[in-house]
Amino acid sequence: MTSLLLAFASRLAISATLTLLFFLFLPLGLVIGWALPYVLNWVQTRWPGRNLA
């Protein structure tokens with residue numbers, strides 16, 4: 001019984017950690033994906049010799 005409870009608790013902790021990481025990194029990824037074209041455009045206007053996009 002104790003081992004079953006321990007297994008359930010560890011699985012719950014793992015899923016909670018993964019959910020937290022997902023909701024932490026999803027907005028970060030969305031912001032980076034939204035800002036990347038603007039950043040590349042800015043870099044190209046600053047240094048015309050570089051071709052990043």
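The values are calculated or read from the model by the stated rules, or taken from the named source; none is laboratory data. Here the structure is a predicted model, which is why all the values come from computation and not from measurement. Cβ sites come from the backbone with ideal geometry, for glycine too, and all protein chains shown count toward neighbours. Note: areas computed on protein heavy atoms with side chains; ligands, DNA, RNA excluded. Shrake-Rupley method; radii C 1.70, N 1.55, O 1.52, S 1.80 Å.
Computed values, structure above
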item	result
Mean accessible surface per residue for the chain, computed with a 1.4 Å probe while every protein chain stays in place, in Å²	96
Separation in nanometres of the label points that stand 7 Å from Cα toward Cβ, at residue 40 and residue 22	2.9
Highest-first arrangement of 30-40, 1-11, where packing means the average Cβ count within 10 Å	30-40, 1-11
Quarter of the Cα convex hull surface for the chain, i.e. its orientation-mean projected area (nm²)	4.8
Degrees between helix 2-46 axis and first principal axis of the chain (Cα, 0 to 90, nearest 10)	0
